[in-house]
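First comes the structure, then the notes that go with it.
The values are calculated or read from the model by the stated rules, or taken from the named source; none is laboratory data. Here the structure is a predicted model, which is why all the values come from computation and not from measurement. Please note: Cβ atoms are built from the backbone with ideal geometry, for glycine as well, and neighbour counts cover all protein chains shown. Just the protein is used for accessible areas: all its heavy atoms, side chains included, with ligands, DNA and RNA removed. Shrake-Rupley method; radii C 1.70, N 1.55, O 1.52, S 1.80 Å.
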Amino acid sequence: MPEAMIEMNSLAGKQALSLVRKADYAHAGEEEAVDLVFKNVQRNPSQRILDVGSGLGATAEYIRRQSWGKVTGIEINRSAVVYANETYERNNFITGDAAETDQLVDGEFDFVVSFNAFYAFQNQPGALDALSKVAKHSAQLMIFDYVDRGDYHLDPILENGKPFLPNPLHLDKIESLLERNGWHMFTIEPLHPHFTDWYATLVDNIRHAEKKIRKTTPEGFYDHMLNLYTQLYNAIHENRLGGAIVRANHGKA
């Protein structure tokens, strides 16, 4: 397969990451990240939680197993949704764009979460607005994602000629973006040192898993993956990129 056809934000890319992360996670920090996001959330299996950009489904399953609530996932990649529904049957996964969530799910949710997915949404304002329409009056939004720490957008990492991280968070702009689309921000928790450690480990793990990755992916995939995540680690290490958890309350609360 030509390298131009290789994309990490694809089913093959997500599965390659799951080999390295030892489970079906495509986001930084895996279970440690989920614990950080949910550290102040009371466990209640009857709570409804919407996982936006749910990938292969491991995050939703971990949330369910930890008794934080009953999870519905929405994911734009249809193949990933098929895999998640077959693998994690006690959750419900739906194919769709985050900006169309209000047309795709039934009922209202207590929590809306997104793990390293918001940066990829083409229509972030539309997504926030749609999510506000399926949130309970007391709902909380929690976004775990990359942060542009100042000048990353001037020289972004490219994949096949396009930005690998199209729209990382700008912490000086996120409050107004939320306010305009149905949410009131109340905390930002920077995670820059965590992201440095997580991606240093990820790059090491990719190198250690070279034989396995080459055996299970198309030609050129391993080199593409290692190069991309080495660049990502360098951008984080150089303080051009970082990470954060943004928490907001529903605008109708």
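Can you tell me the accessible area per residue over the chain, all protein chains present, probe 1.4 angstrom, in square angstrom? Write out the running numbers ahead of the final one.
On the way: 11650 Å² over 253 residues.
The answer is 46 Å² per residue.
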Summing +1 per Lys or Arg and -1 per Asp or Glu among the other residues with Cβ less than 11 Å from Leu154's Cβ gives -2
So what does Phe93 come to for accessible area, using a 1.4 Å probe and Å² rounded to 10? 10
Between the DSSP loop rule and a limit of at most 13 other Cβ atoms within 10 Å, which GluC sites (Glu not before Pro) in the stretch 48-154 are left? Glu89
Among DSSP beta bridges whose residues both lie in the stretch 109-222, state the antiparallel percentage, nearest 5. 20
Note the angle between two axes, namely the Cα long axis of helix 11-21 and the longest principal axis of the Cα atoms of the chain, as a number of degrees from 0 to 90, rounded to the nearest 10. 80
Contact order normalised by residue count of the stretch 1-99, Cα under 8 Å, 6+ apart, percent: 23
About its Cα centre, how strong a charge dipole does the chain have in debye, to the nearest 20, once Lys and Arg get +1 and Asp and Glu get -1 at the Cβ? 580
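Would you mind calculating the relative contact order of the stretch 125-175 from Cα pairs under 8 angstrom and at least 6 residues apart, reporting the percent as a whole number? Please list the in-between numbers first.
Working: 20 pairs, mean separation 17.0, N = 51.
Relative contact order comes out at 33 percent.
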Shape box of the chain [Cα atoms, principal axes, largest first, Å]: 49, 41, 29
Tabulate in residue order the Karplus-calculated ³J(HN,Hα) for the stretch 126-133, using 6.51 cos²θ - 1.76 cosθ + 1.60 with θ = phi - 60°, rounded to whole Hz; enter x for Gly and Pro. x, 5, 4, 5, 4, 5, 5, 6
Amide proton proximity set for Leu241, modelled H, under 5 Å, gap of 5+: Arg149, Ile236
In the structure shown, of Lys70/Lys211; Lys39/Lys212; Lys162/Lys211; Lys173/Lys211; Lys14/Lys70; Lys39/Lys215, the pairs separated by more than 31 angstrom at the C-alpha atoms are Lys70/Lys211; Lys39/Lys212; Lys173/Lys211; Lys39/Lys215
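How many percent of DSSP beta bridges within the chain run antiparallel, rounded to 5?
Numbers: 18 of 37 bridges.
Around 50 percent antiparallel, to the nearest 5.
Considering Cα pairs under 8 angstrom that are at least six residues apart, work out the relative contact order of the stretch 48-206 and quote it in whole percent. Mind dumping the intermediate values first?
Numbers: 255 pairs, mean separation 29.6, N = 159.
Dividing the mean separation by the residue count of the stretch 48-206 yields 19 percent.
First compute the accessible area of the stretch 41-144 with a 1.4 Å probe, then give the percent of it belonging to carbon and sulfur atoms.
On the way: 1720 of 4300 Å².
C and S fraction of accessible area: 40 percent.
Taking K and R as +1 and D and E as -1, what net charge do the other residues with C-beta under 13 Å from the C-beta of Tyr83 add up to? Please list the in-between numbers first.
Numbers: positive: Lys14, Arg78; negative: Asp24, Glu61, Glu75, Glu86, Glu89.
That sum, taken over residues with Cβ under 13 Å, equals -3.
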